[in-house]
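First the structure, in the form of structure tokens, and then the observations on it.
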Amino acid sequence: MRQRHKQFKLIQDQGLTLVELLIAMAVLSIAMLGAVGMFPVAHQHIRAGGDLTKATGLAQRMVELLRDERFQAVARYHNADTRQTSSFPADDLGGDPPFRGGSWLQRWREEISSVPFRGGLYQGWGRIEVEPIDRGLLAIKVTVGWAATPTERTVEFTTYLAQQ
């Protein structure tokens, strides 16, 4: 009798039974399905954050360009919209200093609307509004927008430029 008891104990110590293994695999599978379900949501949030960063950089770049422009020339950018190249101010290379507003806006348009993995935004666009507030003071609003699910997203920068 003692020998049978030892044999039974040896069988117990050898490993898991098939039923125990199936139960463990089922529990592990359910846990993994929950974790796998988070990946699409995480990817969507990472993409949205990347788009926001790109749009912010593109808007900031245009604000800096406008702040470096002569005060009298900044008003020429009013209502410039990258969706309508006819709204770009014409270049005046004969001026003192030369005005390259239309060329700079064309370059900005190409940066915004380039392929997303090259720094652009999916269906991206930009708009500039210049409003005089007082004599010698302008409000400049730069907006960058792009198509995102479920609605369009925008980033808006407003800065004030004073005549020196």
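Every number in this text was worked out from the coordinates using simple rules, so none of it is lab data. Since this is a predicted model, take the numbers as computed values, not measurements. Cβ atoms come from the backbone with ideal geometry, glycine included; neighbour counts cover every protein chain shown.
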* To do: For the stretch 77-164, run through the chymotrypsin sites (Phe, Trp or Tyr not before Pro) and keep only the ones in DSSP coil with at most 14 other Cβ atoms within 10 Å of their Cβ.
  => 122
* Taking Rg/Rh (Cα atoms, Kirkwood Rh) as the quantity of interest, determine which of (1) 1.08; (2) 0.93; (3) 1.52 was computed from the displayed structure. => (3)
* Asked: Given 0.36 nm per residue, what is the gain on full extension from residue 73 to residue 154 after removing their alpha carbon distance, in nm?
  -> 26.6 nm
* To do: State, to one decimal in nm, how far the label point of residue 139 lies from the label point of residue 47, with both points 7 Å from Cα in the Cβ direction.
  => 3.6
* **Contact order normalised by residue count of the stretch 38-162, Cα under 8 Å, 6+ apart, percent** => 25
* To do: Please give the contour-minus-distance gain from residue 31 to residue 162: 0.36 nm per residue of separation, less the Cα-Cα distance, rounded to one decimal in nm.
  => 41.1 nm
* Asked: Can you work out ³J(HN,Hα) from phi for every residue in the stretch 109-126, in order, using Karplus 6.51 cos²θ - 1.76 cosθ + 1.60 and θ = phi - 60°, giving whole Hz and x for Gly and Pro?
  -> 4, 5, 5, 5, 8, 5, 4, x, 6, 9, x, x, 10, 5, 6, x, 8, x
* Report the extension gain between residue 24 and residue 90 in nm, rounded to one decimal, defined as 0.36 nm multiplied by the number of residues separating them, less their alpha carbon distance. => 16.6 nm
* Just how far, in whole angstrom, is the stretch 109-140 from the stretch 28-80 if you go by their alpha carbon centroids? -> 13
* To do: Before rounding to the nearest 500, sum -39500 (n - 2.57) across all DSSP H runs of length at least 4 in the chain and divide by the residue total; then give [θ] at 222 nm in deg cm²/dmol.
  => -16000 deg cm²/dmol
